[in-house]
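Enquirer: Questions regarding the structure given below will be posed in turn.
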Amino acid sequence: MGTVSLPDTWVYALRLPHDPRAARVARMTVRAVLRGHGRPEVLDAVELLASELVSNAYRHTNGPASLRLTALVGGRIRVAVWDSHPRIPAPFEEPPKDRLPPLPADAECGRGLRLVPEYADCWGGLHLGDGPLERGAGKLLWFEVGHQPIPVAPSTVGRRKLSA
């Protein structure tokens with residue numbers, strides 16, 4: 001009888017209070033997890049994008065946020081950030097998600113999420129609790145980086161970067 005070995009998959013979840021230090025805590029957690037699992041090749045991209053999502057959760061809500069890091073089959077890393085604000089920002093929203101509105105040259109904010117198409121292989125956003133009794137459930141923004149990304153079905157929210 002052969003031995004079945006499970007793929008190197010794992011999940012870490014972190015609940016973050018509404019605190020200006022939450023993005024730093026998220027960066028430190030991402031660094032520790034990815035270094036601990038021997039994934040230095042994705043560390044910079046994951047750390048940068050996770051920090052941006054957590055910073056936005058702090059800036060645009062009055063409540064906590066959650067960060068979830070998942071290693072998927074094929075070497076992909078998925079990062080998801082939940083917050084209580086219902087609006088899904090570009091580039092995570094429904095089409096035309098690949099076209100971000102231009103920013104004025106003197107804009108002091110709005111640049112962070114523009115990094116997602118540059119560093120992530122795929123990404124998306126989900127409204128949570130759209131029912132009348134589930135108001136305030138917020139949204140979940142996610143992105144994936146790493147090897148062998150799986151195709152995203154056209155009916156799902158998200159975008160896949162096209163290879164050149």
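What follows is calculated from the coordinates using simple rules that are stated; it is not laboratory data. Given the structure is predicted, the values throughout are model-derived calculations rather than measurements. As a convention, Cβ positions derive from the backbone with ideal geometry for all residues, glycine included, and neighbour counts pool all protein chains shown.
Enquirer: Just grab the label-to-label distance for Asp19 and Arg87, each label 7 Å out from Cα along the Cβ direction, in nm (one decimal).
Expert: Computed distance between label sites Asp19 and Arg87 equals 2.7 nm.
Enquirer: Right, here's the next one. Could you order the peptides 72-82, 31-41 from most to least packed, using the average number of other C-beta atoms within 10 Å per residue?
Expert: The peptides rank, most packed first, as 72-82, 31-41.
Enquirer: Test of understanding: what is the full-extension gain from Tyr12 to Leu115, defined as 0.36 nm times their sequence separation minus their Cα-Cα distance?
Expert: 34.7 nm
Enquirer: Something else now. Evaluate E = 1/(1 + (r/R0)^6) for Arg59 and Ala32, where r is the Cβ-Cβ distance and R0 equals 25 Å; express this FRET efficiency to the nearest 0.05.
Expert: Step by step, r from the Cβ atoms, then E = 0.55.
Enquirer: Tell me, what is the FRET efficiency for Val73 and His127 to the nearest 0.05, using R0 = 30 angstrom and their Cβ-Cβ distance as r?
Expert: After rounding to 0.05, the efficiency reads 0.65.
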